[in-house]
Each structure stands twice: as C-alpha cells, then as structure tokens.
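Worksheet for the structure shown next.
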Amino acid sequence: MANVLVYVDHVDGAVRKPTLELLTLARRIGEPVALALGSGAESTASALAEHGAVKVLTADAPEFADYLVVPKVDALQAAVEAVSPAAVLVPSSADGKEVAARLALRIGSGIITDAIDLEAGDEGPVATQSVFAASYTTKSRVTKGTPVITVKPNSAAVEAAPAAGEVEALTVSFSEQATGTKVVSRTPRESSGRPELTEAAIVVSGGRGVNGAENFAIIEALADSLGAAVGASRAAVDAGWYPHSNQVGQTGKSVSPQLYIANGISGAIQHRAGMQTSKTIVAINKDAEAPIFELADYGVVGDLFQVVPALTEEIKAR
Ligand code: FAD
C-alpha cells in the first residue's frame, strides 16, 4: 500500500485535532506516515500510532524552534524523498498553507488547498473543495508530481485505528533560506481559554445585531456554556466590537465546525464564504426575511437579547 505523508501540527508533543483528522483521511488513500518536527516531536508518536500512523518520522533542530516556514519545508522535502508518498497532507492553517505551497513548488508538484473531503481515485486522490464563496463544490485531483493537499479543520471525524507508529529519525539538511529570517520578538496573546476559532467543534458568532462591544458578553456566555469559540461578522469587527482575529468570512477566517450559531448576522455572501461548510447552522435573527435563514438548518426568528440568554440558561441547566 502506498505511503501518505501527514504533516503533524503539535504543541510540545500534544497533537492538534486537525492532524488526527488528516490521519483518518490519509487512511482512505494509503498508509499514513507522520512527520513531526521540533521540540516534543517524539512524544507525538503514541497519539499518532493510535490513529493509524504506521511510521512517525521525527526531526528536532534549533532551526525549528522559531516556527519559521522554510525549515519545515526543508524537512518535508527530506521526508518526501525518504518515503516517496502517494500524497502529502497538511492542515489548512495559515502556516500549513504556506508550508504546503512552498513544498509543492520545491518538488514540482501540483497543490490543492482548503479541501473539505478526500477520497481515493483511480489516478490519485480526489479532493473536494467549496469554492466561490461556497457557491460551488468541486472535485479535483493533482495531475503533476506528488499531490500536496491542505485540508480544512473539522473535515473528517477523528477515528482510532491502532498502528505500529514506529519512530524513525529523519535527517534534514537545511537550505540557505532556512536561516534567512529571524524572529526578533514574540508577544503571546492573552488566552481567552476558548478553543481556537478555526478548529472549534462549535462556533457562536455575533453580528451587527449584537449592537455594541459590551453586548458581546451574551455571545461569549452562550459560547462558554457550549465550550465553543466566538466568531464575529465584519460589521461587528469594523465597528470595533470584537477583534479582527475572530472575524469569520471572506476576509476573515474560514470555519467548518459541527455547529455554527449565527446571532444577529444577516448572512451576506462574504460571511457565508467563511462558514457555509459548517455541518449544522443555527440562525437567531429578528428579521424572518434575513438571507441567513436560507442556509440555516434551524432558525429562531426573534430578538437575540431575549433568545440568547434563555438558550444559555437552558444549556447550563442540562
Ligand atoms: P448586517 O448585514 O447589518 O445584519 C445584521 C442582522 O442583525 C440583520 O439581519 C438584523 O435583522 C439582525 N438583527 C438586528 N438586531 C437584532 C436583534 N436584536 N436580534 C436578532 N437579530 C437582530 N462580512 C463578514 O462577515 N466577513 C467577511 O470576511 C467579510 N468580508 C468582506 C469582503 C468584502 C470585499 C466585502 C465587500 C464585504 C465583506 N463583508 C464581510 C461584509 C458583508 O458584505 C456584510 O456587510 C457583513 O457580513 C454584514 O454583517 P452583519 O450580518 O453582522 O450585519
């Protein structure tokens, strides 16, 4: 069976959920070989083996310490040369997409970004994408070189599938560009304690209807009752009510959670572009004609200032 190289996103050895999802998809195409880099790379092995990795390639070097992109590309290239995979799968984070694009260029391959599904095909893996502000769903495959495919978080279920997960050290020779950039300073953002927006299983978003920064407290309360991330429409972000890092949409982040709850959001095409692939969409809006109801699975026509706190109380009571 062909190898499928999976790029591992981890924090000090703790594997992030999108990587485990990639392992589920990789098993549809072949045998997953994982590549974990940097501090804690070896500690990822047991989680990766539990989810189907037949082999875990690891590499640690000072070059990986600053989270720079080029050293990762150097390592991925070395891994591609070592295992000749049928495809390379990378999580669709901002970082992952840059790494994937540079790798594809290096190895002369085609690339597909932001896939939402993946299946085996007679002529190579077939990726599903949601394109043009989610107006179309396309299926495509790479026709040149080793397919490099980035996959959006929440595109597949995490499935346990015990495998050998044999750890093997990968030798990486760093390119000249690897030292061409230096991190000068790093300021960690204060953590909200909520899940990362693009990876969250549930996202609760607020729009212009929230009517003020202080009112986002009721959106946050609902989010916290569900263990969800908080999103915002551009109207809410432009008004200064919520940070741009939480904006969902064409010029914000793209999310694909199991559940998306839109509060006081009209459903403009640019907002849809970032959330339309959510599995279940709930809209709370006082205007029964709001376009968001066209794509919502469940809708509540009502004033969010009454509906949202009542919903939060009900969830907390369970
Ligand atoms: P509105 O469209 O004003 O809708 C507010 C909704 O709240 C209304 O439906 C109203 O009925 C409802 N409401 C009001 N009060 C209440 C209440 N008390 N209870 C319940 N409901 C209530 N937008 C994004 O979101 N993300 C993007 O990334 C993005 N990128 C863009 C890129 C470009 C190039 C352009 C041109 C636009 C972009 N936009 C984006 C903006 C987009 O077109 C919309 O203007 C924006 O999404 C509207 O945000 P909204 O739904 O919060 O506000």
### Task
Using only the Cα atoms, work out Rg/Rh for segment 1-48, with Rh taken as the Kirkwood radius, to two decimals.
0.97
#### Entry: Per-residue [θ]222 nm for the chain (sum of -39500 (n - 2.57) over DSSP H runs n ≥ 4, rounded to 500)
-8000 deg cm²/dmol
## Note on the structure
Across 190, 50, 168, the residue with the highest GNM fluctuation in the chain (Cα network, 10 Å cutoff) is 190
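Report, to two decimal places, the Cα Rg of the chain normalised by 2.2 N^0.38 Å (N = number of residues).
It is 1.05.
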### 5 angstrom amide H check on residue 166, placed H, neighbours 5+ away
55, 56
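Over the Cα atoms of segment 49-166, Rg to Rh with Kirkwood Rh, two decimal places?
Rounded to two decimals, Rg/Rh equals 0.97.
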### Stretchable slack from residue 169 to residue 258, in nm (0.36 nm times residue separation minus alpha-carbon distance)
28.4 nm
### Message
Let's test this: bin the Cα-Cα distances of segment 1-80 at 10 Å from zero up to the farthest pair and state each bin's percent.
### Response
21, 54, 24, 1
### Task
Have a look at 193, 264, 52 and tell me which one the Gaussian network model of the chain (Cα, springs below 10 Å) gives the largest fluctuation.
193
### Computed label-point distance, nm, for sites residue 132 and residue 208 using a 7 Å Cα→Cβ extension
2.6
### Summary
With 0.36 nm assigned to each residue of separation and the Cα-Cα distance removed, residue 159 to residue 84 gains 24.5 nm
### Query
What Kirkwood hydrodynamic radius, in Å, does segment 145-256 give when the mean of 1/r is taken over all pairs of distinct Cα atoms and then inverted?
17.6
### Query
Say the cut-off is 19 Å between C-alpha atoms; which of 72/182; 152/253; 97/152; 55/139; 97/253 go over it?
55/139
## Note on the structure
Filtering GluC sites (Glu not before Pro) in segment 216-318 by DSSP loop and by at most 11 other Cβ atoms within 10 Å leaves 289
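Set the Förster radius R0 to 25 Å, insert the Cβ-Cβ distance between residue 1 and residue 176 as r into 1/(1 + (r/R0)^6), and round the FRET efficiency to 0.05.
Using R0 = 25 Å, I get an efficiency of 0.10.
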### Query
Taking the Cα-to-Cβ direction at residue 105 and at residue 66 and moving 7 Å from each Cα, how far apart do the two end points lie in nm?
1.9
### Message
Report the Cα centroid-to-centroid distance between segment 274-307 and segment 1-29 in angstrom, as an integer.
### Response
34
#### Entry: Alpha carbon Rg of segment 78-145, scaled by the compact-globule rule 2.2 N^0.38 Å
1.13
### Message
With the crude spin-label approximation of a point 7 Å out along Cα→Cβ, what separation in nm comes out for residue 217 versus residue 317?
### Response
2.2
### Query
If r is the Cβ-Cβ distance from residue 139 to residue 294 and R0 is 30 Å, what FRET efficiency results, to the nearest 0.05?
0.80
### Message
Order 58-65, 37-44 from most to least packed using the mean count of other Cβ atoms within 10 Å.
### Response
37-44, 58-65
### Query
How much FRET efficiency would the formula 1/(1 + (r/R0)^6) give for residue 183 and residue 122, where r is the Cβ-Cβ distance and R0 is 45 Å, rounded to 0.05?
0.50
#### Entry: Rg(Cα)/(2.2 N^0.38 Å) for segment 194-318, N = residue count
0.91
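Rule-based calculations on the coordinates, nothing more; no lab input. Just so it is clear, the model here is predicted, and its values are computed rather than measured. Quick reminder, even Gly has a Cβ in these numbers, built from the backbone with ideal geometry, and neighbours come from all protein chains shown.
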